[in-house]
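A.B. asks: Below you will find the structure I want to go over with you.
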Amino acid sequence: MSVIEKIEKTSLEQELRAHVGRHVDKVFDWDAFPSNKGYPELARAQMRYIGAGGSPKVNDNSTLKPDNFTLSLIYKEVGKYAACHSHEIEESFLMIDGVLTVGWELNGDVVEVRLGPKDMILNAREIGHGFRNDGVEPVLMSVSVDVGKPLPPKYHFHPKDTEAELARNLGAAPGKAQLFDPKNPQELHQIMSKYVVRYNETPTIWTNTGFSRKVYVGAEGIVEGACRKEMLGVPSGVGVKGYVRDCEDAFFVLEGNLTVGWEENGEVCEVELGPRDLVKNPAGRKHWFRNNGAKSVEVWHLVGSAKAENIEFVAD
C-alpha cells in the first residue's frame, strides 16, 4: 500500500470515528433546559448525540451536527414531570427503560397514554404535550426532533405561570385527565391514536437479506412524520453489502453489538457499536452493517426522509 493510500484510509477512518457517539464518552447534562431552573419537580437530564434537540445548547462540540433530525437521551426520575409545551415540528419519544405517562392537551381536554419499553409516540405539531414519571423506576428514552435546529418550545402550562397541580397534570383539572382509548370517538383520542406505536402491535417485516424491520414512522407506519423511524432486528451472522442514500441515516444500538462500515474510492473501514452507541452516516456515503456477534442486535434506525424504503439490500 502506498503512502497516499495509507493517508486516504486513515482519513476515512478518522471521519467514520468522528461520526460515532459513544455512550461511555458522554455525560448527562442536568442543566440542558433553562426553563426548568428553580423548579426541582421538572428536573431531567439530557445526553446529546445528534444536535441539541429541545435544548438551546446548539454549540455543544461533543454532539454530531444535525441535518434533518436530532437524537438525544432523556433521563427522568420517579415523580418528576415535563411541563406541557408544543413544537413547530414533530418530536418522537422512544421508550428504553421504565414507564412514561405522556399527556396531550387540546382545547381544554387532556388525554394521557402510558408507554413501556420500545413503545413510541410521535408528538404532533402544535399540540401541547408533556410527560410524567408515575412509575417506580427512572425513565430513559430517546428523543428525536424532525428538524436540525428546532425553535424553542412554546409552554402552555408551566409552573412559573400556572398553579402547581394544573401544571403537573399537564393542563388537566384534578381528576379530569382521560386515559387514552383508541376506540373513544372524542377528538383528541382519535388524533392521538394516529401517533402512538406499540412495539408488540407493530408488524415485523422480514427482508430477503435476513434482518427485520418494524416501521414506526414512514410509509408502513405513522405517515405524518418528516423522517422515517424504525426498529431493525439483525440476527447473528446477518449483514448487508454497501448501499448509498440521498439523505443521512443513523443507527442507535439498543441491544447487542453492530459492525458498521464505510467505503470511499475503494478504501473501506469499519467500527463496532455497543449498546447505546450511535453512528450517523452522511448523505451519499456508501455504508453497510453486519452482526458479527453471537446475539441478535436491535437497532433504532432514523432516516432523514419519510419516504418509503427504496434500498434494495443485498446480503453480505
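Only the coordinates and a few stated rules stand behind these numbers; no lab work does. Predicted, not measured: the structure shown is a model, and the values here were computed from it. Every residue, glycine among them, receives a Cβ derived from its backbone with ideal geometry; neighbour counts consider all protein chains shown.
A.B. asks: Using alpha carbon centroids, what distance separates the range 61-77 and the range 99-125, in Å?
C.D. replies: Measuring centre to centre over Cα atoms gives 21 Å.
A.B. asks: Follow-up question, since we're still on this one. May I ask for the longest run of the chain untouched by chymotrypsin sites (Phe, Trp or Tyr not before Pro) that are loop-located per DSSP and have at most 16 neighbouring C-beta atoms (other than their own) within 10 Å?
C.D. replies: Between the exposed loop sites, the longest stretch runs 31-316.
A.B. asks: Please list, or write none, the lysines whose alpha carbon is within less than 24 Å of the alpha carbon of LYS229, excluding same-chain residues fewer than 8 places away.
C.D. replies: Candidates past the 8-residue exclusion: LYS26, LYS65, LYS76, LYS118, LYS149, LYS194, LYS214, LYS241, LYS280, LYS286, LYS295, LYS307.
A.B. asks: Hey, another quick one. For the chain, give the magnitude of the charge dipole about the Cα centre (Cβ charges: +1 Lys/Arg, -1 Asp/Glu; no others), in debye to the nearest 20.
C.D. replies: Roughly 220 debye for the chain.
A.B. asks: Can I ask one more? What is the dipole size for the range 31-199, taken about its Cα centre, with +1 at each Lys and Arg Cβ and -1 at each Asp and Glu Cβ, in debye to the nearest 20? It would help to have the intermediate numbers written out before the result.
C.D. replies: On the way: 19 positive and 22 negative charges, 54 e Å.
With Lys and Arg at +1 and Asp and Glu at -1, about 260 debye.
A.B. asks: Taking Cα atoms, how many degrees apart are the long axis of helix 3-18 and the longest axis of the chain, rounded to 10 and kept between 0 and 90?
C.D. replies: Around 10 degrees separate the two axes.
A.B. asks: Quick check: net charge around SER212, other residues with Cβ under 14 Å of its Cβ, Lys/Arg +1 and Asp/Glu -1?
C.D. replies: -2
A.B. asks: Using the charge dipole of the chain (Lys, Arg: +1 at Cβ; Asp, Glu: -1 at Cβ; taken about the Cα centre), state which of HIS287, MET47, GLY210 has its Cα farthest towards the positive end.
C.D. replies: Checked the options; the winner is MET47.
A.B. asks: If you bin every alpha carbon distance in the range 1-120 into 10 Å steps from zero, what whole percent lands in each bin?
C.D. replies: Here the calculated profile for the range 1-120 is 11, 34, 32, 12, 7, 4, 1.
A.B. asks: If you don't mind, there's one more thing I want to ask. Mind checking which aspartates and glutamates have their C-alpha under 19 Å from LYS176, skipping anything on the same chain fewer than 8 residues away?
C.D. replies: GLU105, ASP109, GLU112, ASP134, GLU163, GLU165, GLU187
A.B. asks: Restrict the search to the range 208-289; then list the trypsin sites (Lys or Arg not before Pro) that DSSP places in a loop and that have at most 15 other Cβ atoms within 10 Å of their Cβ.
C.D. replies: LYS241
A.B. asks: To the nearest whole percent, what portion of all C-alpha pairs in the range 67-185 is separated by more than 25 angstrom?
C.D. replies: Percentage above 25 Å: 18.
A.B. asks: Another question about this same structure. Please report the base-10 log of the normalised intensity I(q)/I(0) for the chain, using a Debye sum with one equal scatterer per alpha carbon and no solvent, at each q in 0.06, 0.12 (1/Å).
C.D. replies: Listed by q, the Debye log ratios stand at -0.21, -0.80.
A.B. asks: If each residue of separation counts as 0.36 nm, what is the full-extension length gain between ILE191 and ASN61 once their alpha-carbon separation is subtracted?
C.D. replies: Taking 0.36 nm per residue and subtracting the Cα distance, the gain is 43.0 nm.
A.B. asks: Could you quote the convex hull projected area for the range 202-303, Cα atoms only and averaged over all directions, in nm²?
C.D. replies: Averaged projected area of the range 202-303's Cα convex hull equals 6.4 nm².
A.B. asks: Lys and Arg at +1, Asp and Glu at -1: add these up for the other residues within a Cβ distance under 12 Å of SER305 and post the number.
C.D. replies: Taking every Cβ under 12 Å from that of SER305, the sum is -2.
A.B. asks: Considering only DSSP states other than H, G, I, E and B, which trypsin sites (Lys or Arg not before Pro) in the range 30-105 qualify as loop sites with at most 12 other Cβ atoms within 10 Å?
C.D. replies: Answer in residue order: LYS37.
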